[in-house]
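What follows is a short report on a single structure.
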Amino acid sequence: MRKLSYLSLLALLSVSSFVITMLESCTKDNCEEVYTYTVLKPVYQTYGEFREGAGTALGVRNVENIGKVINKSEYLFMVERNQGVHVIYIGDPNVINKIGFLNIPGAKDLCIRGNTLFADSFTDLVTFNIGDPFNCQYLTRVENVFPARDYSFIPDYKLEEPLDPTLGVILDLEEVERVAVLPCDSTPHPADENWDPWEVDTWLNQLAAFTGEDNWDPSMLSGSSEKFTIIDEYLFAIDGGYLTSYRIINPLNISKVDSSFVDWGLKSLLPYERQNKDYLLAGTGSNTFFYEVLNGYSLFSQGKTRSFTGCDNVVADQSRAYVTSRDNTSTSSCPGATSLLQIFNIDTLQSPQPVSSYDMEEPLGLGIDEDLLFVCDRNSGLHLFDVESAIALEQNLQKNLESVIGSDILLYEINGRKIALVIAEDGLFQYDYTVVNDIQLLDRLLVEG
């Protein structure tokens, strides 16, 4: 069995990849050609099989596909895409030390409440007790919290058969050669007629992210990528175009509470607290919807804005939203954006007012520590801005670390030291920024696969 990879599939779909073997047998009455072509055959695992494999706490394993990272006290919990979660000790800021791995097939996202870790496992929600990170304990599984993954971006003409989620989860798409004998004047296999480099590049990136192939996808990180989030005693999950809430105060007895329709293009969630009120920002490809959370779980609409969307990375404080968008026409389902850092006044949530902006090359994740804003740019490095006034950002650029190339950043304190964890394609990089003018690299955890 040949496994699908980004490079092999790209080669397969290049113009020259559709091999037409012409064995012409022309006579007065007929002319035939033999066409050899390659299609993709889904490899399924039944729901019972993948659920049996989840929940085991294992020893350390190699980092191969970095996903979302969350900090809790002296520990990091990092998704290994579609495989599980690494448990990492950072109590000594000078050393990043893997201490365990939670086996969770289909994992892409996670949240933490108290001593409970919540992670997706394809369509299900699983929980672990992480009170002792050196000895995490599997708790429970709630089935069918999330919809089956959407593979509609794969052109039908590249599939041997329609995808059928009732057969289980899709682990792989296997390359299969097929032969067709057709009259000489007939149309060959549709792959030859539907070649579209932009489309192919787009769905190759999405496919690699779904199947766990070694292909870096910054949208898989934290920030605007969350498919579920936690506010107090409730977990809110994207379920198609709906936001569904679950009561999670007892992780052994998780119950569905409410479901509200938002938009079929729903992509991201961002919890936000202001003036002792909880809000939820729900992003689509063209809007961000604002909801006030009432009674812990009920959503009350506060309107929407086009100023930023679910395709953007957003962090916010009490009065401002800091937003990065990027020109990603060739690789995203949200084409057409401008590569820009923007600051909005959000005193009125429904109508954010632009305060200032700054042109960037490919800005991605960002983080804020009081008046110090960190912005990752995959081309020009890590930027630090003083945003006390939030006006004339080009004059308030404190530092540009061009050699620090990352796609997201986490900020936290360990033993009185201010730490910036830069998440990059090739690993995690931990910096001490206690003295902003003397930022020091402490340690790194590199991708090993």
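Would you work out the relative contact order for the range 311-395, in percent, from Cα pairs under 8 angstrom that are 6 or more residues apart? Mind showing how you got there, number by number?
Numbers: 181 pairs, mean separation 18.2, N = 85.
Answer for the range 311-395 is 21 percent.
Output the pairs from Lys158/Lys227; Lys72/Lys399; Lys267/Lys304 with a Cα-Cα distance over 19 Å in this structure; if there are none, say none.
Values: Lys158/Lys227 28 Å; Lys72/Lys399 28 Å; Lys267/Lys304 15 Å.
From Lys158/Lys227; Lys72/Lys399; Lys267/Lys304, over 19 Å: Lys158/Lys227; Lys72/Lys399.
Fewest to most neighbouring Cβ within 10 Å: what's the order for Glu74, Glu33, Glu413?
Details: Glu74 15, Glu33 19, Glu413 12.
The most exposed by this proxy come first: Glu413, Glu74, Glu33.
Compute the length gained on full extension between Glu413 and Ser301: take 0.36 nm times their separation in residues and subtract their Cα-Cα distance, giving the result in nm to one decimal. Intermediate results must be reported in sequence, preceding the final value.
On the way: separation 112, 0.36 × 112 = 40.32 nm, distance 3.54 nm.
Between Glu413 and Ser301, full extension yields an extra 36.8 nm.
For a protection proxy built on the mean count of beta-carbon atoms within 10 angstrom, sort 405-411, 286-292, 260-266 highest first, please. If you can, show how the numbers build up before the last one.
Details: 405-411: 21.7, 286-292: 19.7, 260-266: 16.4.
Highest mean packing first, the order is 405-411, 286-292, 260-266.
Obtain the nm distance between the two label points defined at Glu402 and Gln275 by a simple spin-label model: each point lies 7 Å from its Cα along the Cα-to-C-beta direction.
Here the modelled spin labels are 4.6 nm apart.
Using Cα pairs under 8 angstrom and six or more residues apart, how large is the relative contact order of the range 236-348, in percent?
Numbers: 234 pairs, mean separation 17.1, N = 113.
Normalised by residue count, the contact order of the range 236-348 is 15 percent.
Contact order normalised by length for the range 347-389, with contacts defined as Cα pairs under 8 Å and 6 or more residues apart; what percent is it? Before the final figure, lay out the partial values.
Values: 50 pairs, mean separation 12.0, N = 43.
After rounding, I find 28 percent.
With a point put 7 Å past each Cα toward its Cβ, work out how far Leu182 is from Val447 in nm, to one decimal.
Between Leu182 and Val447, the simple spin-label model gives 3.8 nm.
Run the quick spin-label model on Phe153 and Asn94: label points 7 Å from Cα toward the beta carbon, then report their separation in nm to one decimal.
Placing both labels 7 Å along Cα→Cβ, they lie 4.3 nm apart.
All other residues with a Cβ under 9 Å from the Cβ of Ile231 taken together, and with Lys, Arg as +1 and Asp, Glu as -1, what is their net charge? The partial results should precede the final answer.
Details: positive: none; negative: Asp232, Glu233, Glu273, Asp278.
Taking every Cβ under 9 Å from that of Ile231, the sum is -4.
Using a Förster radius of 41 Å, what is the FRET efficiency between Leu58 and Phe261 based on their Cβ-Cβ separation? Nearest 0.05, please. Don't jump to the answer; show the numbers that get you there.
Numbers: r = 39 Å, r/R0 = 0.96.
Approximately 0.55, to the nearest 0.05.
Laboratory data are not the source of any read-out in this text; all were calculated from the coordinates shown. In this text, all values refer to a predicted model and were calculated from it rather than measured experimentally. For neighbour counting, all protein chains shown are included, and Cβ atoms are generated from backbone atoms with ideal geometry for every residue, glycine included.
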